[in-house]
Amino acid sequence: VPQHVWRINLDTPEEAHQNLSFGAADRWWEQTDLTKLILASNKLECLSEDVKLLPALTVLDVHDNQLTSLPSALGQLENLQKLDVSHNKLKSIPEELMQLSHLKSLLLHHNELSHLPDGFGQLVNLEELDLSNNHLTDIPASFALLINLVRLNLACNQLKNLPADISAMKSLRQLDCTKNYLETVPSKLATMASLEQLYLRKNKLRSLPEFPSCKLLKELHAGENQIEILNAENLKHLNSLSVLELRDNKIKSVPDEITLLQKLERLDLTNNDISRLPYTLGNLPQLKFLALEGNPLRTIRRDLLQKGTQELLKYLRSKIQDDVTSPNEEPPVTAMTLPSQSRINMHAISSLKLLEYSEKQAAVIPDEMFDAVRSNPVATVNFSKNQLNEIPPRIVELKDSVCDVNLGFNKISSISLELCMLHKLTHLDIRNNSLTSLPEEMEALTRLQIINLSFNRFKVFPSVLYHIPALETILLSNNQVGAIDPLQLKKMDKLGTLDLQNNDLLQVPPELGNCETLRTLLLEGNPFRTPRAAILAKGTAAVLEYLRSRIPT
């Protein structure tokens, strides 16, 4: 790398030495420090320790070079958020790299790493980590500390097991362990509540784990393993699963409980040892792709398999009637009664304390939903994404237990008195409705911590919010709010987040700077002139400091 690149913040440019009068655009002494440096796809064999002369770097991209090591000075780039050193020849990572506390994305794939520093868990703000295509045989236990990690790619390494502590990564949505030597998956993995995509293809698994907490898991890829048995227990909790890929295993049968996967869209069972299928598979409402080639199926003719998914499902449905037992037998009641028998998920009400009726485009919530609650203490209500014009009056029946209510994406134009009686309410999401005001009776919601009123029609800041002292988060973006009262806000000593983006604020009162509990203040997209965008971009602390400096003395 040419030396003047490292010194770009320090050296005055050539033209500055000639006696010219500078226009505003050319004033080199006002240039900001370099924040992005991209050196990708060159032939670099090493990086100089002089990289430390660029302390403002937020992005450093040196992928696709010939690097065999990294300079320890990288650890001094304390503003670095993205580091891409993929497609090099790195055999190790310097310990100093673990000091980059603001790093959000670290791409190390396609190198020659055989071990990682133990202090990896110090990178607490990491959201994306790609370690695929290396020579790793184990993962440091400190990985458990990466609680903000959203995507972790460990594919194409030599891992024989995953540490159970990995389950502490509570934000992880995507985990890719394709092509390793895993024989088992730690059972604790099943507690990862945010996990949406799990790739376990091309390992040595003999069975699938149970996933009781993975309520959000949408994709499970476990093809090319040695799985012999598919249990009801493996499946019954996966309410959100849309892709189940189990091709090239040794599965002998498919349990009837597969019909509990009501959101399943793709099911790949190619090349297994399956001889019969549950006909009820034909009832899966969303199934668009069913692959069964390469199985010794006795009940389905080969020519039918080649006609495609829809014909196959039609055939399976036609056989259900033949399969039903004598008519006077009661159907067995399972923990999760199949949705075809009932639209009420009693399992959700009793185990998850959740009353859900969302995305139904309904104008009213059916009484049977409230009737089903009976004496169960429901903590969470989700009636979002419907066509409700008013808050269902019977919500008041839940007042002694409900603490989280989601009524977002409806057509509600006023808050009912019934809602104001939910005295245990801590979270209220009522975004994307038609609200113009909030009633004073909401003062009774003394435990309310978070309220989301984004995308409504407020022209003034709802004054009742000033009188709910427990509020920690007020989200009011995308309304038409024209003014706020900083003296009232200052009294709200729990308020940490205030989102007023995309409103009609013509000015920001300087006294807002005295609201020192605010950790996040979002004001972008308003018509005021000051503070300017450059100050807003520096973050909340800088904005508050600027506002304080403008308070008339």
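The values are calculated or read from the model by the stated rules, or taken from the named source; none is laboratory data. Everything numeric in this text was worked out from a predicted model, so none of it was measured. Positions of Cβ are backbone-derived with ideal geometry, glycine not excepted, and every protein chain shown enters the neighbour counts. Ligands, DNA and RNA are stripped out before the accessible areas are found, and what is left, the full protein with its side chains, is counted by its heavy atoms. Shrake-Rupley method; radii C 1.70, N 1.55, O 1.52, S 1.80 Å.
Things to note:
- Residue in segment 21-41 that is under 37 Å from the mean Cα position of the chain (by Cα), modelled with pLDDT under 95, open to solvent by less than 70 Å² (accessible area, probe 1.4 Å) and more than 24 Å from Asp130 (Cα to Cα) present: yes
- Taking the criterion of being part of a loop (DSSP other than H, G, I, E, B) and either open to solvent by 40 Å² or more (accessible area, probe 1.4 Å) or among the basic types (Lys, Arg) (or both), the residues of segment 133-155 that qualify are Asn133, His135, Thr137, Asp138, Ile147, Asn148.
- From the list Leu195, Leu175, Leu261, Leu238, the lone residue that is at pLDDT 95 or above and in contact with a helix residue (DSSP H, G or I) (Cβ under 9 Å, 6 or more places away or on another chain) is Leu175.
- Contact map, segment 387-410: first residue among the β-branched types (Val, Ile, Thr), second residue part of a loop (DSSP other than H, G, I, E, B) and open to solvent by less than 30 Å² (accessible area, probe 1.4 Å), Cβ cut-off under 6 Å, separation 6 or more or different chains; pairs are Ile391/Ser416; Val402/Val378; Val402/Leu422.
- Of all residues in segment 500-532 being more than 15 Å from Ser477 (Cβ to Cβ) and in contact with a Gly (Cβ under 8 Å, 6 or more places away or on another chain), the one that is surrounded by the fewest Cβ atoms within 10 Å (Cβ to Cβ): Leu506
- All positions within segment 80-99 that are among the hydroxyl-bearing types (Ser, Thr, Tyr) and buried (at least 19 other Cβ atoms within 10 Å of the Cβ): Ser86
- Any chance Ala534 is at pLDDT below 90 and part of a helix (DSSP H, G or I): yes
- Each residue in segment 422-450 was checked for being crowded, with 18+ Cβ neighbours inside 10 Å and basic (Lys, Arg), and 1 of them qualify.
- Test: residue in segment 67-81 that is assigned by the TED database to the domain that holds Leu113, more than 22 Å from Leu131 (Cβ to Cβ), of a type in the set (Gly, Ala, Ser) and modelled with pLDDT under 95: no
- Of the residues making up segment 181-200, those that are open to solvent by less than 40 Å² (accessible area, probe 1.4 Å) and in a loop (DSSP other than H, G, I, E, B) are Leu182, Val185, Pro186, Met192, Ser194, Leu195, Leu200.
- In the set (1) touching a Lys or Arg at 6+ places or on another chain (Cβ under 8 Å); (2) more than 18 Å from Leu37 (Cβ to Cβ); (3) free of Cβ contacts under 8 Å to residues at least 24 places away in the same chain, the condition left unmet by Leu103 is number (2).
- Number of the condition not met by Leu435 [criteria: (1) more than 27 Å from Val378 (Cβ to Cβ); (2) in a loop (DSSP other than H, G, I, E, B); (3) of a type in the set (A, V, I, L, M, F, W, C)]: (1)
- Among the residues of segment 328-372, those identified as among the hydrophobic types (A, V, I, L, M, F, W, C), at pLDDT below 85 and surrounded by 14 or more Cβ atoms within 10 Å (Cβ to Cβ) are Met336, Leu338, Ile344, Met346, Ala348, Ile349, Leu352.
- Residues of segment 226-248 that turn out to be in contact with an Asp or Glu (Cβ under 8 Å, 6 or more places away or on another chain), open to solvent by less than 70 Å² (accessible area, probe 1.4 Å), assigned to a loop (DSSP other than H, G, I, E, B) and within 19 Å of Ile274 (Cα to Cα), as a count: 2
- Of the residues contained in segment 267-290, one or more are found to be among the hydrophobic types (A, V, I, L, M, F, W, C), over 16 Å from Leu235 (Cβ atoms) and surrounded by fewer than 21 Cβ atoms within 10 Å (Cβ to Cβ).
- Residue in segment 99-121 that is more than 26 Å from the chain's Cα centre (by Cα), within 21 Å of Thr58 (Cα to Cα) and of a type in the set (S, T, N, Q) present: no
- Among residues of segment 54-79 being more than 21 Å from Pro2 (Cβ to Cβ) and part of a loop (DSSP other than H, G, I, E, B), the one that is most open to solvent (accessible area, probe 1.4 Å) is Glu78.
- Hey, Ser213 under 27 Å from Leu284 (Cα atoms), among the hydroxyl-bearing types (Ser, Thr, Tyr), open to solvent by 30 Å² or more (accessible area, probe 1.4 Å) and part of a loop (DSSP other than H, G, I, E, B) or not: yes
- When each of Asn161, Asn203 is tested for being in the same structural domain as Glu128 (by the TED database) and either touching a Leu at 6+ places or on another chain (Cβ under 9 Å) or surrounded by fewer than 19 Cβ atoms within 10 Å (Cβ to Cβ) (or both), the lone residue that passes is Asn161.
- Of all the listed residues (Ile535, Ile474, Ile468), the sole one being within 26 Å of the chain's Cα centre (by Cα) and either surrounded by 14 or more Cβ atoms within 10 Å (Cβ to Cβ) or of a type in the set (D, E, K, R) (or both) is Ile474.
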